[in-house]
Structures are given as C-alpha cells and as structure tokens.
1. Given the criterion open to solvent by 30 Å² or more (accessible area, probe 1.4 Å) and free of Cβ contacts under 8 Å to residues at least 60 places away in the same chain, identify the matching residue among Lys94, Lys59.
2. Restricting to the range 55-87, give me the number of residues that are over 16 Å from Ala25 (Cβ atoms) and of a type in the set (A, V, I, L, M, F, W, C).
3. With the requirement that a residue be farther than 18 Å from Pro21 by Cα and open to solvent by less than 50 Å² (accessible area, probe 1.4 Å), what does the range 74-89 give you?
4. Inspect all residues belonging to the range 126-135 and state whether any of them is open to solvent by 100 Å² or more (accessible area, probe 1.4 Å), charged (D, E, K, R) and modelled with pLDDT of 65 or more.
Amino acid sequence: MAENNYECMMILDANAYARDPGGTANTVKHLIEQAGGTVLASRLWLEQKLSFPIRGRHKGAYWISYFRMPSNKLSSFNRQCQLTDVIMRHLVIKIDPRLIDAMVAAAKGERSAPLTSEVEEQSKKDNNNEDGSELVETQLAADAS
C-alpha cells in the first residue's frame, strides 16, 4: 500500500501538557510510529481557551503534526488517538505531495524552497478557464487599475 502525507491537528489536555510537555510530545510521536508512520514535523501550535468545554476542560493545547503513513494504517491511528486520554480531539487530513515540503518547512520554522516549475504550471492552469481566459477576479482587478 502506498504511503500518503498527512497533517494531524490535535487538541491536547492543557493540564497534562503543562505537567509534562516532553512526555506529551513523545506520546504523539509514539502513536504515529506505532501505527507505522514516520514523523516529518510535530510541534505545539498554540494554547488557548476552548470555545466550549471538552471533557470538562476549558483550555486546550493545539498540537500539529505532519507525517507519512500507509493509508491502510490510518484507521488504527485514529482509533489510538480516540483511546489516548491526553488527546481530547483530533483531525487528520491528507496533504497533496506537492505541498508537503513547504508545510513541513513552515512547521519547523524554516524557509521553504521556491515552487518548482511543475507546480507553477499547474497553478497557471488552475487560474485559467477552459477557453484560456483568466478568472473573473483577475479580470476585475485589471479593470479596476
């Protein structure tokens, strides 16, 4: 089975994270590796008050991770996240392979590489209609100047 790139946003119990930040980070890394994945980047995004209480908690630590994992292992990873007490909520999305390098670099605080010509060409195609004319927003912007 092919490996895919994923982004996972987790809301962690802020109290557990405050007591043991390193242990909590290792828990997330261990869950990914236990499911057969490879961690590309993983870090605390922010810590803030929640919009509504989750499990009686009013504050959460948002943790973001980028990883590679075989797609058939994703369901076991999701189940382990649900069973882990420190993780209150999580969401995993598949990332386009063309974007993963830039997203991982941003998560690590590094400067990303410039877009390749293939990505630039696709971007140009996406910004054109079937007849080759530019999108309406671009035309309106040109007309305004």
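The values are calculated or read from the model by the stated rules, or taken from the named source; none is laboratory data. All figures in this text were calculated on a predicted structure; none of them were measured in a lab. Cβ placement follows ideal geometry from the backbone for every residue including glycine, while neighbour counts extend to all protein chains displayed. Ligands, DNA and RNA are excluded from the accessible area calculation, which covers all protein heavy atoms including side chains. Shrake-Rupley method; radii C 1.70, N 1.55, O 1.52, S 1.80 Å.
1. Lys59
2. Summing the residues that are over 16 Å from Ala25 (Cβ atoms) and of a type in the set (A, V, I, L, M, F, W, C) in the range 55-87 gives 4.
3. Quick first cut of the range 74-89, residues farther than 18 Å from Pro21 by Cα only: 74-80, 82-83.
Residues satisfying the conditions are Leu74, Phe77, Asn78.
4. First pass over the range 126-135, keeping only residues open to solvent by 100 Å² or more (accessible area, probe 1.4 Å): 130-131.
Restricting the remaining residues to those that are charged (D, E, K, R) gives 130-131.
Imposing the further condition that a residue be modelled with pLDDT of 65 or more reduces the set to none.
Checked the range 126-135: no residue is open to solvent by 100 Å² or more (accessible area, probe 1.4 Å), charged (D, E, K, R) and modelled with pLDDT of 65 or more.
Condition check ((1) part of a helix (DSSP H, G or I); (2) β-branched (Val, Ile, Thr); (3) modelled with pLDDT of 95 or more; (4) surrounded by 16 or more Cβ atoms within 10 Å (Cβ to Cβ)) across all residues:
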{"position": "Asn4", "(1), (2), (3), (4)": "no, no, no, yes"}
{"position": "Ala18", "(1), (2), (3), (4)": "yes, no, no, no"}
{"position": "Gly23", "(1), (2), (3), (4)": "yes, no, no, no"}
{"position": "Asn26", "(1), (2), (3), (4)": "yes, no, no, no"}
{"position": "Ala41", "(1), (2), (3), (4)": "no, no, no, yes"}
{"position": "Leu44", "(1), (2), (3), (4)": "no, no, no, no"}
{"position": "Ser51", "(1), (2), (3), (4)": "no, no, no, no"}
{"position": "Asn72", "(1), (2), (3), (4)": "yes, no, no, no"}
